[in-house]
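The values are calculated or read from the model by the stated rules, or taken from the named source; none is laboratory data. Here the structure is a predicted model, which means the values were calculated and not measured. Here the Cβ positions follow ideal geometry from the backbone for every residue, glycine too, while neighbour counts run over all protein chains shown.
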Amino acid sequence: MTKDDLKAFDLQLFQPRHGYRYSLDPLLLARFCQTVKPEGSIIDLGAGCGIISLVLARMNPDASVVAVENNREMAQIIEQNIQCNGLADRVSRRTEDVIHLRSSYPHSSFDLVVSNPPFRTAGSGKISPKAGRDSARHETTAGLGDFLAAAKYLVKPSGRICFIHLPSRLPEFISLAVGMKLSLLRLRMIHSNAESPATMFMIELAKGRRSEPVVEPPLFVQDVV
């Protein structure tokens with residue numbers, strides 16, 4: 001276990017020394033989501049060590065945040081991070097699979113649903129020798145459709161859904177969203193630099209309302225690190 005400083009948000013975060021460790025992705029997604037209305041409600045699906053939940057709590061000082069994580073070891077780390085940063089009054093963790101959240105929350109409970117889900121389907125890509133990394137990177141009990149279905153159930157009609165994912169799965173993502181009658185509000189591609197292909201995309205969706213989609217200028221990681 002390590003304890004690392006995230007000075008930009010006045011956070012200290014515990015995370016596994018050799019297991020799955022957060023990268024730039026959750027920070028980019030948190031900035032993409034940014035604010036909710038005062039005293040808004042946020043839920044983070046597949047929260048890992050809780051980094052998105054805690055950053056959004058710092059960005060939105062009156063909001064309440066729920067960090068959902070299926071892995072019990074990581075859920076315990078989320079709890080440590082909540083306590084360490086003095087956010088227990090506004091951030092809570094829930095140890096549960098996203099496919100079971102319908103029994104835990106009423107329909108349309110949250111203003112913002114955010115997720116940095118496992119990117120790869122089961123059995124695809126390289127297998128990591130480090131414990132915990134594959135369960136964070138590869139879909140297990142819940143696939144992309146399950147994460148989107150949970151997000152649709154949980155978000156208010158006036159709220160937003162924000163995901164980050166791989167460009168190779170963008171057609172699948174949009175097909176699933178359209179099938180669930182989720183409207184695309186914003187899309188932004190992430191590139192290492194101006195010459196490189198996109199490595200990730202961030203997307204904002206809504207339910208129960210229509211809007212012309214906005215494709216934002218590309219984000220070059222070299223400009224933000």
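Annotation for the stretch 161-169: at least one member residue is out of contact with any strand residue (DSSP E or B) (no Cβ under 7 Å at 6 or more places or on another chain), modelled with pLDDT of 95 or more, surrounded by 15 or more Cβ atoms within 10 Å (Cβ to Cβ) and not in a loop (DSSP other than H, G, I, E, B). Taking into account only those residues within the stretch 67-116 that are hydroxyl-bearing (Ser, Thr, Tyr) and without any contact (Cβ under 8 Å) to a residue 12 or more places away in the chain, which is surrounded by the fewest Cβ atoms within 10 Å (Cβ to Cβ)? Among them, the one singled out is Ser103.
Give the residues of the stretch 207-225 that are touching a residue at least 24 places away in the same chain (Cβ under 8 Å) and either in a loop (DSSP other than H, G, I, E, B) or under 22 Å from Gly143 (Cβ atoms) (or both), sorted by residue number. Those that are touching a residue at least 24 places away in the same chain (Cβ under 8 Å) and either in a loop (DSSP other than H, G, I, E, B) or under 22 Å from Gly143 (Cβ atoms) (or both): Lys207, Gly208, Arg209, Arg210, Ser211, Pro213, Glu216, Pro217, Pro218, Val224, Val225. Within the stretch 26-42, can you find the residues that are within 9 Å of the chain's Cα centre (by Cα) and hydrophobic (A, V, I, L, M, F, W, C)? Scanning the stretch 26-42 gives Leu29, Ala30. The listed residues are Ile78, Ile82, Ile99, and the only one of them that is in contact with a Lys or Arg (Cβ under 6 Å, 6 or more places away or on another chain) and either closer than 24 Å to Ile203 by Cα or not in a loop (DSSP other than H, G, I, E, B) (or both) turns out to be Ile78. Is it true that Arg186 is closer than 17 Å to Gln34 by Cα and either part of a helix (DSSP H, G or I) or in contact (Cβ under 8 Å) with a residue 24 or more places away in the chain (or both)? It is true that Arg186 is closer than 17 Å to Gln34 by Cα and either part of a helix (DSSP H, G or I) or in contact (Cβ under 8 Å) with a residue 24 or more places away in the chain (or both). Exactly one residue out of Arg94, Arg120 is of a type in the set (D, E, K, R), at pLDDT below 95 and within 28 Å of Ala206 (Cβ to Cβ), and it is Arg120.
May I ask you to verify whether Ala149 is surrounded by 15 or more Cβ atoms within 10 Å (Cβ to Cβ), under 26 Å from Asn71 (Cα atoms), modelled with pLDDT under 95 and not acidic (Asp, Glu)? No; evaluated as a whole, the condition is false for this residue.
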